[in-house]
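Undergrad: Take a look at this one; I'll ask things after.
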Amino acid sequence: MSRGAERCGVSQSAASQHVQEVERRLGVALFDRSKRPLDLTAAGRLYADFCRDVLRREEEFTHVLESLKGEVEGAVRVVSIYSTGLSEMGRLQEEYARRFPTAQLHVEYMRPDRIYDAVRNDEADLGLVSYPESSREIAAIPWRQEKMQVAVPPTHPFAERDSVCPSDLSGQEFIGFDEDLSIRRELDRYLRNQGVEVRMAMHFDNILMIKEAVGLGRGISILPARTMQAEITQGRLVAVKLDAPDLVRPVGIVHRKRKKFNRAAQAFLNLLVGEVPA
């Protein structure tokens, strides 16, 4: 309830009062308040579906109306994983604003599982995720393949080398990702297939924290090369090539299937897919 109130720009008490007023008007309970966290009743689920349908009808109306105007106006809501958002979004926002000055681009950063929820629930138009997955409700568009390299602090022996073999990583103190993330499962599978055993020193849910830990000398990691450019320029990290076989992180764009994009969202999607992969 508090998260919903915050997203709508009202206080939690105002949101609760509004829900109670709707329940009084409909004559049914929308939430089962005996459960924690709150759960929807059967009537609540029916009402939620009705509201989603209304919002989608409004979305379709806005889409048709904007097509009559012939201008790229309106707003696009984008949710992104931290690494892609922080490394790419500044450049994309500048280019989008240059091409479409009357449109608005709203960006929010969050964990991958929340991105899928936001797209599925129409809280966002587009999502940028690594290891994108399609589903019954979600469509995934491949965007780019990011080469993975070994991240080390400048004082590490690997920093003097042009490349390392996977076997060189055995026994190293390693900074990894949380176990529930796709990138952690893919890296674990890669190391296992190469017969490599590292010592997991710590793990985090985003690349920013991993880079900080590596820079402080707490261990090494394997990260997408393009996410380390700022730290490499600052002399805080060194990226060392990982010898064959190639290891890449796929990044993709996700959206709700059969979604009617407004002109602002379609323009941003066209900007993304029109880029030449680096």
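The values are calculated or read from the model by the stated rules, or taken from the named source; none is laboratory data. Here the structure is a predicted model, which is why all the values come from computation and not from measurement. Quick reminder, even Gly has a Cβ in these numbers, built from the backbone with ideal geometry, and neighbours come from all protein chains shown. Only protein heavy atoms, including side chains, enter the accessible area calculation; ligands, DNA and RNA are left aside. Shrake-Rupley method; radii C 1.70, N 1.55, O 1.52, S 1.80 Å.
Undergrad: Return the distance in nm (one decimal) between the two label points of a simple spin-label model at Arg24 and Glu179, each offset 7 Å from Cα along Cα→Cβ.
TA: Simple spin-label model gives 4.9 nm for this pair.
Undergrad: Would you compute, from DSSP H runs of 4+ residues alone, the mean residue ellipticity of the chain at 222 nm, taking -39500 (n - 2.57) per run and dividing by the full residue count, rounded to the nearest 500? Write down the numbers at each step before the final one.
TA: Working: 9 runs with 114 residues, N = 278.
Calculated mean residue ellipticity at 222 nm is -13000 deg cm²/dmol.
Undergrad: Using a simple spin-label model with points 7 Å from Cα along the Cα→Cβ vector, what separation in nm is obtained for Asp53 and Asn270?
TA: 3.3 nm
Undergrad: What number, in percent, do you get for the relative contact order of the chain if the mean sequence gap of Cα pairs under 8 Å and at least 6 apart is divided by its residue count? Let's see the in-between values first.
TA: Numbers: 449 pairs, mean separation 68.5, N = 278.
Computed value for the chain: 25 percent relative contact order.
Undergrad: Restrict the search to the stretch 93-131; then list the chymotrypsin sites (Phe, Trp or Tyr not before Pro) that DSSP places in a loop and that have at most 11 other Cβ atoms within 10 Å of their Cβ.
TA: Working: sites: Tyr96, Tyr109, Tyr116; in loops: none.
Qualifying residues, ordered by number: none.
Undergrad: Report, as a whole number in µm² per second, the diffusion coefficient that Stokes-Einstein gives for the stretch 1-128 at 10 °C and 1.306 mPa s using the Kirkwood radius over alpha carbon pairs. Can you show the working numbers first?
TA: On the way: Rh = 17.2 Å.
Rounded to a whole number, D works out at 92 µm²/s.
Undergrad: Run the numbers for Asp122 and Leu216: contour at 0.36 nm per residue of separation, minus the present Cα-Cα distance, in nm.
TA: Values: separation 94, 0.36 × 94 = 33.84 nm, distance 3.98 nm.
Difference between extended and current length: 29.9 nm.
Undergrad: Across the stretch 157-163, in residue order, what do the Karplus-derived ³J(HN,Hα) couplings come to in whole Hz, using 6.51 cos²θ - 1.76 cosθ + 1.60 with θ = phi - 60° and x for Gly and Pro?
TA: Taking θ as phi minus 60°, the curve returns x, 5, 5, 8, 9, 6, 7 Hz for the stretch 157-163.
Undergrad: Let me ask something else about it. What FRET efficiency would be calculated for the residue pair Ala97, Phe61, taking the C-beta separation as r and a Förster radius of 25 Å, to the nearest 0.05?
TA: Working: r = 26 Å, r/R0 = 1.05.
Efficiency computed from Cβ-Cβ geometry: 0.45.
Undergrad: Still on this structure, I have one more. For Asp246, project a label point 7 Å along Cα to C-beta. Then give me every residue of the stretch 136-155 with its amide nitrogen under 12 Å of that point.
TA: Backbone N within reach: 145-148.
Undergrad: On the protein heavy atoms, probe 1.4 angstrom, tell me the percent of accessible surface of the chain carried by carbon and sulfur. Walk me through the numbers on the way to the answer.
TA: Numbers: 7830 of 15410 Å².
The value for the chain is 51 percent carbon and sulfur by accessible area.
Undergrad: Amide H of Val238: which non-local residues (sequence gap of 5 or more, or other chain) have their own amide H closer than 5 Å, using H built in the peptide plane?
TA: The list, which skips near neighbours in sequence, is Val152.
Undergrad: Per residue, how much accessible area does the chain show when a 1.4 Å probe rolls over the protein heavy atoms, in square angstrom? It would help to have the intermediate numbers written out before the result.
TA: Details: 15410 Å² over 278 residues.
Computed with neighbouring chains in place, this is 55 Å² per residue.
Undergrad: Over the chain, what portion of Cα pair distances is larger than 28 Å, expressed as a whole percent? Numbers along the way, then the final one.
TA: Numbers: 18755 of 38503 pairs.
The calculated P(r) of the chain puts 49 percent of pairs beyond 28 Å.
Undergrad: List the trypsin sites (Lys or Arg not before Pro) within the stretch 159-242 that fall in a DSSP loop (any state other than H, G, I, E or B) and whose Cβ has at most 16 other Cβ atoms within 10 Å. List each step's numbers first, then the result.
TA: On the way: sites: Arg161, Arg184, Arg185, Arg189, Arg192, Arg199, Lys211, Arg218, Arg226, Arg236, Lys241; in loops: Arg161, Arg218, Arg236.
Loop-located and lightly packed - Arg161, Arg218, Arg236.
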